[in-house]
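Undergrad: The structure follows.
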Amino acid sequence: MKLTQIPIAELATYVGVLTPEQAQSLQGQTFQTDSYFNPIQDINDVWVLSAEEIAYCSNPAFLWVKELEMTKYEPKPAPPLFGGEA
Amino acid sequence: MSVRTLRYNTIEQHFTKGVTASTDRDALAFLEAAQIYNTNQQRAIVNLVRSLKRVGLWSKMKAIYPFVGGTATSHKWNLKDPRDVNAAYRLSFTGGFTHNSEGIIGNGTNAVADSFINLSSITSGYSCNISVYMRTAGAGPSHGCANALATLVVFYPIRSGKANSALFKYSPFMIPDVNTTGKGLFAQNREDGTTEMIYYNGSLLKSQALAATGKPTFTMRVMGFAGQAPFTPEYNAATMSSMTVGDGLTSTEQQTLYNIIDLYQKRLGRAV
């Protein structure tokens, strides 16, 4: 499924799937002026890119991200470090 | 005519007569850097700066992010020092932020900004105030950073239905007894290393004797949290309309700050 096939209301729950090499190539690069790519790994350690970065990308060098295969995002579980109460 | 004068004249050409007559050099420097040409936005910034100076809060601030202009390029600037360098605490946006007239909007997935603020070096003792104006509520942290548990700084406008704070310490977190909507002006505050406070819309939400245990050198993240292991990044999908970082404030100063920020947001038609 490509970005354009996802209903707008569901966009925020999807991410684009990257190879490790693609993720590496995006590090430190901008997808639009003053906005940097931030590839992250999902629960299965697969590199992914947010739908917003893909949708807003206007950098000619990285327009290929718009062709990424999209999948539902499953985040890594956060350790319960922030659960203490006073 | 000096280069500096020429710079200001350039931006002054875009002001209406009323605003130009009462220009403030700090406001002008910001407006020029952020390329703010909308008259209402210009007036809002000029009034914000003049109000903060009039009541003595300007000098207590290290960074002020007004989030005006609607783009990453206009939102990245620190009103206190609008230079395009990390040392000026200019924000660097990474991940899927959305920028519009309401401010910066996180995606809760990977959007976070680095302020390059090292709280360990900019604070005197443990005197610190960090305020965020949240236009919408989100489950994640509005800001935060840590090198280790002892130096944790993090704030959740909403966590399990309640505000949740750590300022220069780890457990226990401070959780106010009264729930909030997660929208409005929240502020973490310490005047010293003994007591932590949370203010909500200028009023004290909770004050508690919680000893500070250390300050982070890891730089402050905005609309999320990042730190050295064992911490993992967290993100927020809320909308933030302004943020300030500075010295600890008294309760009177906190109310004054709220009044000024609230008026600023009203001038921009985005108060909650």
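The values are calculated or read from the model by the stated rules, or taken from the named source; none is laboratory data. Just so we're clear, the structure is a prediction, and the values are computed from it rather than from any experiment. Cβ: placed from backbone, ideal geometry, glycine included. Neighbour counts: every protein chain shown. We work out accessible area using only protein heavy atoms, side chains counted, and drop any ligands, DNA or RNA first. Shrake-Rupley method; radii C 1.70, N 1.55, O 1.52, S 1.80 Å.
Undergrad: At a 1.4 Å probe radius, carbon and sulfur cover how many percent of the accessible area of the protein assembly as shown?
TA: Carbon and sulfur together cover 52 percent of it.
Undergrad: Extending each Cα 7 Å along its Cβ direction at A:Val46 and B:Arg54, get the distance between those two points in nm, one decimal.
TA: It is 5.7 nm.
Undergrad: Quick check: convex hull of the Cα atoms in the stretch B:17-131, volume per residue, rounded to a whole Å³?
TA: Hull volume normalised by residue count: 111 Å³.
Undergrad: Under 12 Å Cα to Cα from A:Lys66, which aspartates and glutamates show up? Leave out anything in the same chain fewer than 8 places away.
TA: A:Glu52, A:Glu53
Undergrad: Taking K and R as +1 and D and E as -1, what net charge do the other residues with C-beta under 13 Å from the C-beta of B:Thr250 add up to?
TA: -2
Undergrad: To the nearest 20 debye, what charge dipole does the protein assembly as shown have about its Cα centre, counting +1 at the Cβ of each Lys and Arg and -1 at the Cβ of each Asp and Glu?
TA: In total the dipole reaches around 1140 debye.
Undergrad: Quick check: from the Cα gyration tensor, does the stretch B:122-161 come out rounded (a/c under 1.5), prolate or oblate?
TA: oblate
Undergrad: Using 0.36 nm per residue, how much length does the chain from A:Ala61 to A:Thr13 gain when fully extended, once their Cα-Cα distance is taken away?
TA: That pair, A:Ala61 and A:Thr13, stretches by 14.7 nm at full extension.
Undergrad: Return the sequence-ordered ³J(HN,Hα) values of the stretch B:76-87 in whole Hz as given by the Karplus equation 6.51 cos²θ - 1.76 cosθ + 1.60 applied to θ = phi - 60°, using x for Gly and Pro.
TA: Each residue's phi maps through the Karplus curve to give 7, 7, 8, 4, 6, 8, x, 9, 8, 9, 4, 5 Hz.
Undergrad: Just check chain B against the gyration tensor rule for me: Cα atoms, a ≥ b ≥ c as the square roots of the eigenvalues, rounded for a/c under 1.5, and otherwise prolate or oblate depending on whether a/b exceeds b/c.
TA: Prolate, since a/c reaches 1.5 and a/b exceeds b/c.
Undergrad: Name the trypsin sites (Lys or Arg not before Pro) in the stretch B:41-146 that are in a loop by DSSP and that have at most 16 other C-beta atoms within 10 Å, would you?
TA: When the trypsin sites (Lys or Arg not before Pro) of the stretch B:41-146 are filtered for loop state and at most 16 Cβ neighbours within 10 Å, B:Arg83 remain.
Undergrad: Suppose R0 equals 35 Å. What FRET efficiency, 1/(1 + (r/R0)^6) with r the Cβ-Cβ distance, do B:Val178 and B:Ala88 give to the nearest 0.05?
TA: It comes out at approximately 0.40.
Undergrad: Please find the FRET efficiency linking B:Thr71 to B:Ser207, where r is the Cβ-Cβ separation and R0 is fixed at 35 Å, and quote it to the nearest 0.05.
TA: 0.35
Undergrad: According to the square roots a ≥ b ≥ c of the eigenvalues of the Cα gyration tensor, what is the shape class of the protein assembly as shown, taking rounded for a/c under 1.5, prolate for a/b larger than b/c otherwise, and oblate for the remainder?
TA: In terms of gyration-tensor shape, oblate.
Undergrad: Rounded to the nearest 5, what % of DSSP beta bridges with both residues in the protein assembly as shown are antiparallel?
TA: If I count the DSSP bridges inside the protein assembly as shown, around 95 percent turn out antiparallel.
Undergrad: What are the residues whose amide H is under 5 Å from the amide H of B:Ala63, where those residues sit 5 or more places off or on another chain and H is modelled from the backbone?
TA: B:Val245
Undergrad: Using amide H atoms built in the peptide plane, which far-off residues or other-chain residues are under 5 Å from B:Ala163 H to H?
TA: B:Thr180
Undergrad: Obtain the nm distance between the two label points defined at B:Ser251 and A:Gln24 by a simple spin-label model: each point lies 7 Å from its Cα along the Cα-to-C-beta direction.
TA: Output for this residue pair reads 5.8 nm.
Undergrad: Among A:Pro20, A:Ala61, A:Ser35, whose Cα lies farthest out toward the positive end of the dipole of chain A, if unit charges sit on the beta carbon of Lys, Arg (+1) and Asp, Glu (-1)?
TA: Working it through, the farthest residue towards the positive pole turns out to be A:Ala61.
Undergrad: Looking at B:Tyr170, B:Thr239, A:Ala78, which one has the Cα that reaches farthest to the positive end of the dipole of the protein assembly as shown (charges on Cβ: Lys, Arg +1; Asp, Glu -1)?
TA: Farthest towards the positive pole: B:Thr239.
Undergrad: Let me know the mean shielding of B:93-102 by other chains, meaning the per-residue number of their Cβ atoms within 10 Å of its Cβ.
TA: Rounded to a whole number, the mean comes out at 6.
Undergrad: Can you pick out the pairs among B:Lys60/B:Lys266; A:Lys76/B:Lys169; B:Lys215/B:Lys266; B:Lys53/B:Lys169; B:Lys60/B:Lys183; A:Lys72/B:Lys215 whose Cα atoms lie more than 29 Å from each other?
TA: As for pairs spanning more than 29 Å Cα to Cα, those are B:Lys215/B:Lys266; B:Lys53/B:Lys169; A:Lys72/B:Lys215.
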